[in-house]
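Quick note: the coordinates plus some simple rules give every number you see, no bench work behind them. Not measured: the values here are computed from a predicted model. For neighbour counting, all protein chains shown are included, and Cβ atoms are generated from backbone atoms with ideal geometry for every residue, glycine included.
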Amino acid sequence: MPSELLYKYPKTLLNKGTGFLSGYTHSLNPYTGCAYGCSFCYVRQMPVSTFRDGEWGTWVDVKKGAADLLQKELKRAKSKGEVTIFMSSSTDLYQPVEHEERITRSLLEVMVEHPPDFLFVQTRSPMARRDIDLFLQMEDRIRVSMTIETDREDIRKHFTPDAPAIRGRLKTLQLLRKAGVPTQATIAPLLPSSREFPDLLKAYVDRICIDDYFMGDGSGGRRTENLGIRGKYEELGLEKWYEPITYQKLIKRFRRVFSEEQIHVSREGFMP
Ligand code: SF4
């Protein structure tokens, strides 16, 4: 749980899809801040983080009144044309405090009532399984993408110790898929993994997306370099995993068990 929890009433919720997300009309963040505080999180370098005193990962703002606001904004946006939503771009929609606050669930309920043309749900949390009933009501207008950066827990703990364990995320993918919710496993940022990683994922998903710092941090890897992430690889003697060509080596491994159509790379794998 973050050390600082604030309750705020936002004036707007739906943001225009820009940059990496320009394939979407909107992005939607139920919270500001993120308790998972991943070391590589590029949001650390954005104004939302740099204008705050507390370090990224130590504070979360809960957006109160979000469902009513979304209902109004969604109705207005839908009256103007197609609405495609990426949820979420600068937080994880399943914050630990979501267990009590249920902001994300209230937003999903609004979207079941007033469905956007497409909703992409991006998370690292097994809590997504709680909302399977709502995802199912959105039929093929939704994809739930679970981040699985690596199959190695020791690596996960080194880079993102406060994020949920890999095993729970895989279990949730299994439950989502079994229920019939469109899913994908997102290896982003790709972290050092074992040779068996592709075989492991094959048991859970039939679609994967691979992304790295150099394609996915919005600055060709500069933001990640500024965060000192290279040093975290050096501590492990695994610098060879921190190279712009590493993703191509990983793709080769995944081609052993996934078809070309099942493997998506960077931005394309997140699009509607
Ligand atoms: S879960 Fe996502 S938003 Fe949260 S700290 Fe990690 S990368 Fe950033």
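Some points to look at:
- Among LEU227, ALA188, LEU201 the positive-end extreme of the charge dipole of segment 177-230 (Cβ point charges): LEU201
- Here the Karplus curve 6.51 cos²θ - 1.76 cosθ + 1.60, taken at θ = phi - 60°, turns the phi angles of segment 157-170 into couplings of 5, 5, 9, 8, x, 9, 7, x, 5, 4, 4, x, 5, 5 Hz, with x standing for Gly and Pro.
- Calculated P(r) tail over 17 Å for segment 140-211, as whole % of Cα pairs: 38
- FRET efficiency estimate (nearest 0.05) - Cβ-Cβ, ALA203 to GLU234, R0 35 angstrom: 0.60
- Here segment 67-213 has an Rg and Dmax of 15.8, 49 Å, counting Cα atoms alone.
- Surface/4 estimate of mean projected area, convex hull on alpha-carbon atoms of the chain, nm²: 13.4
- Spatially proximal lysines relative to LYS11 (Cα-Cα < 28 Å; intrachain offsets below 8 disregarded): LYS63, LYS64, LYS72, LYS75, LYS78, LYS80
- Mean separation of Cα contacts under 8 Å, 6 or more apart, over the residue count of segment 4-270: relative contact order %: 17
- Beta bridge orientation in the chain: antiparallel %, DSSP, nearest 5: 20
- What the Cβ-Cβ distance of LYS157 and ARG76 gives, at R0 = 30 Å and to the nearest 0.05, is a FRET efficiency of 0.10.
- Residues of segment 134-167 with amide N under 11 Å of the 7 Å Cα→Cβ point at ARG253: 150-152
- Reported value for segment 127-272: 111 Å³ per residue, from the convex hull of its C-alpha atoms.
- Approximating the spin labels as points 7 Å out from Cα along Cα→Cβ, the GLU100-to-LEU175 distance works out to 2.2 nm.
- At R0 = 30 Å, FRET efficiency that the Cβ-Cβ distance of PHE51 and ALA165 yields, to 0.05: 0.40
- Counting every other Cβ atom within 10 Å of each residue's Cβ, PHE118, PHE270 order from fewest to most as PHE118, PHE270.
- In order along segment 51-59, phi translates into HN-Hα couplings of 7, 9, 6, x, 5, 3, x, 9, 9 Hz, rounded to whole numbers, per the Karplus curve 6.51 cos²θ - 1.76 cosθ + 1.60 with θ = phi - 60° and x for Gly and Pro.
- Distance between segment 177-201 and segment 1-31 - C-alpha centres, whole angstrom: 26
- The lysine pair tally for segment 151-247, using Cα distances under 16 Å and a gap of 8 or more places or different chains, is 4.
- Under conditions of 37 °C and 0.692 mPa s, segment 70-141 yields 258 µm² s⁻¹ as its translational diffusion coefficient, taking Rh as the Kirkwood radius over Cα pairs in the Stokes-Einstein equation.
- With Cα atoms, 0 to 90° folded angle of helix 246-255 axis to the chain main axis: 90
- Degrees between helix 103-113 axis and first principal axis of the chain (Cα, 0 to 90, nearest 10): 70
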